[in-house]
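**Q** Sharing a structure below in structure tokens format, with a few things to ask.
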Amino acid sequence: MVVLAASIISKSGKALVSRQFVDMSRIRIEGLLAAFPKLVGSGKQHTYVETENVRYVYQPIEALYLLLITNKQSNILEDLDTLRLLSKLIPEYAPSLDEEGVCKAAFELLFAFIEAISLGNKENVTVAQVKQYCEMESHEEKLHKLVMQSKINETKDVMRRKVTEIEKSKTDRGKPDKGGFGSLRTPNSFSDMGIRGGGPGGDPIFGDMDSFTHKAKGRPSAPAPASASTKVPGGMKLSKAQKTNQFLESLKAEGEVILEDTQPSATQSRSSYIPPSDPITVTIEEKLNVTVKRDGGVSNFDIQGTLALQILNDTDGFIQLQIEIQDVPGLNFKTHPNINKELFNSQQIVGAKDPNRPFPSGQNETPLVKWRIQELNESSLPLAVNCWPSVSGNETYVNIEYEASEMFDLHNVVISIPLPALREAPGVRQIDGEWRYDSRNSVLEWSIILVDQSNRSGSLEFTVPAADPSTFFPISVGFSASNTFSDLKSNLTQSGTSKYLGGLNFSWAFCCITSFLLAFR
């Protein structure tokens with residue numbers, strides 16, 4: 001054993017922080033520390049004092065002493081090296097070099113002492129390594145927290161919408177009945193329609209559509225004339241100033257932004273849902289999920305696409321889709337079980353196995369073909385982001401730049417940079433676009449509405465108090481584009497049993513929804 005204990009004491013011998021590396025009773029260590037100030041003579045330049053049993057190696061730090069208690073057989077040079085390392089660690093954790101500052105950072109100092117000294121011997125570590133070991137940061141944990149936080153935010157959005165719907169329903173129930181459609185509600189979601197285009201258990205493309213047609217074409221009967229309203233004494237009255245919901249107030253107190261919606265009239269509520277006007281709509285959608293390493297290279301590059309069909313009328317369901325497939329490496333297709341696979345593989349035509357049965361009609365999109373691309377590399381990225389943090393004095397200067405490729409025009413680009421815990425917003429010195437500081441999640445969001453030929457590159461520069469450069473990773477990037485990687489195209493054709501196709505208004509939505517995540521490891 002070499003170092004018996006490492007301590008920080010006051011001039012009077014009061015122990016503020018002490019870590020023992022051998023089995024010692026509290027009475028003995030307190031006695032050794034209390035005897036030290038009596039052994040230190042005034043005017044002496046020595047850095048150690050010896051007694052019959054132990055040796056004190058010390059260094060004054062303003063009004064305190066940094067003290068090592070060792071046995072007399074220890075190497076004094078190694079003890080001085082250990083003392084210098086501990087003296088550099090104390091200012092890194094203590095806010096001030098006095099009793100109050102040391103007591104506030106007592107546990108952090110103890111952990112640092114443990115990383116610097118093991119079983120009484122000095123570890124071969126530097127100050128930066130000790131700080132890194134104590135922080136125990138994990139990029140995988142940060143990435144997991146970002147994913148969990150996005151799920152929490154989505155849940156809160158759903159919660160706020162539900163609260164708003166409940167408030168509106170309460171207000172509508174309190175209004176007097178003036179006659180009309182009563183509780184008739186226009187379906188505004190797939191769940192209201194009672195049918196879905198796809199799910200984990202399979203896509204019910206062909207089935208019994210009678211019930212759905214009955215629901216879609218059914219009309220309410222004419223309402224009965226409203227009876228004359230009578231005044232009931234002591235009945236419920238609506239106050240002009242309604243009480244604010246306590247749940248919304250609690251969300252506001254936590255920093256959530258609550259949009260105050262005005263109550264729409266009955267006419268507005270019925271006209272809020274605008275059904276598609278075109279009889280046939282084809283949607284091509286791709287989702288991009290990428291994980292990029294900090295020093296270059298891609299650890300995950302996954303693209304998943306879907307071709308979906310929406311038909312409003314049953315008479316328009318006898319159709320086929322001619323697909324134009326480009327030569328893209330690693331492109332693999334999967335068709336729905338009720339699609340003619342031989343026809344698709346040989347002629348790239350999406351048609352039903354049974355040509356006498358039409359595609360389902362309704363307000364829902366039905367997925368027909370799915371594909372996946374996996375053999376792409378870093379040169380295929382539509383957007384690259386570089387982050388350069390540098391510490392200068394008491395501040396960290398962070399420079400971030402993006403470079404977009406020529407393949408896509410990107411819309412609604414949002415670059416989210418994690419920050420250390422701050423008391424105020426970071427100081428943004430230069431930016432191409434807009435920025436917003438999320439103090440609750442300690443994230444700086446850099447947004448660019450459109451990235452095209454005029455701004456294929458841009459930069460952001462901001463400053464924060466001194467922090468570890470790894471704090472600003474991983475960086476997540478999200479955007480959307482109007483083109484796809486597969487460059488898939490579709491044309492409408494007529495099936496063999498179709499009796500009418502002339503004059504048909506064929507519209508199709510073509511979009512690329514991307515989820516682009518940079519995780520620098």
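Read the figures in this text as sums done on the coordinates, not as results from a lab. Keep in mind that this is a model prediction, so the values were computed, not measured. Because the Cβ atoms are built from the backbone with ideal geometry, glycine has one as well, and the counts that use them run over all protein chains shown.
**Q** Please report, in debye to the nearest 20, how large the charge dipole of the range 383-481 is about its Cα centre when each Lys and Arg carries +1 at its beta carbon and each Asp and Glu carries -1 there. Mind showing how you got there, number by number?
**A** Numbers: 5 positive and 13 negative charges, 60 e Å.
My answer is approximately 280 debye.
**Q** Right, next: Rounding to the nearest 20 debye, state how big the charge dipole of the range 3-135 is about its Cα centre with +1 on each Lys and Arg Cβ and -1 on each Asp and Glu Cβ.
**A** Its charge dipole is roughly 340 debye.
**Q** Any chance you could check the Cα centroid distance between the range 101-133 and the range 330-374 for me, in angstrom?
**A** Centre-to-centre (Cα) distance: 63 Å.
**Q** Let me ask another. Could you give the Stokes-Einstein D for the range 3-135 in µm² per second, using the C-alpha Kirkwood radius, 37 °C, 0.692 mPa s?
**A** Values: Rh = 14.8 Å.
So the translational diffusion coefficient is about 221 µm²/s.
**Q** Taking the alpha-carbon distance from K72 and a cut-off under 16 Å, which aspartates and glutamates remain once sequence neighbours fewer than 8 residues away in the same chain are dropped?
**A** List returned: E50, E52.
**Q** Just the Kirkwood number for the range 383-481, please: inverse of mean 1/r across all distinct Cα pairs, in Å, one decimal.
**A** Here the Kirkwood hydrodynamic radius works out to 13.8 Å.
**Q** Further question: Can you pull out the GluC sites (Glu not before Pro) in the range 333-410 whose DSSP state is coil and whose Cβ has at most 15 other Cβ atoms within 10 Å?
**A** Taking the range 333-410 and a limit of 15 other Cβ atoms within 10 Å, the loop GluC sites (Glu not before Pro) found are E375, E406.
**Q** Ok, one more. Compute the distance in nm between two label points, each set 7 Å from the Cα along the Cα-to-Cβ direction, one at M159 and one at Q129.
**A** About 4.5 nm, to one decimal.
**Q** Additional query: Work through the residues other than A404 whose Cβ is under 9 Å from its Cβ and net out their charges, Lys, Arg +1 and Asp, Glu -1. Mind dumping the intermediate values first?
**A** On the way: positive: R456; negative: E403, E406, D409, D452.
Within the 9 Å Cβ shell, the charges total -3.
**Q** A further question on this structure: Over 32 Å between C-alpha atoms is what I'm after, so list which of K162/K341; K104/K142; K170/K370 land there. Walk me through the intermediate numbers first.
**A** On the way: K162/K341 43 Å; K104/K142 27 Å; K170/K370 43 Å.
Checking Cα-Cα distances, K162/K341; K170/K370 exceed 32 Å.
**Q** For L383, list long-range residues whose amide hydrogen, built 1.01 Å from N in the peptide plane, is under 5 Å from its own amide hydrogen.
**A** Close amide H contacts, sequence-distant or interchain: S405.
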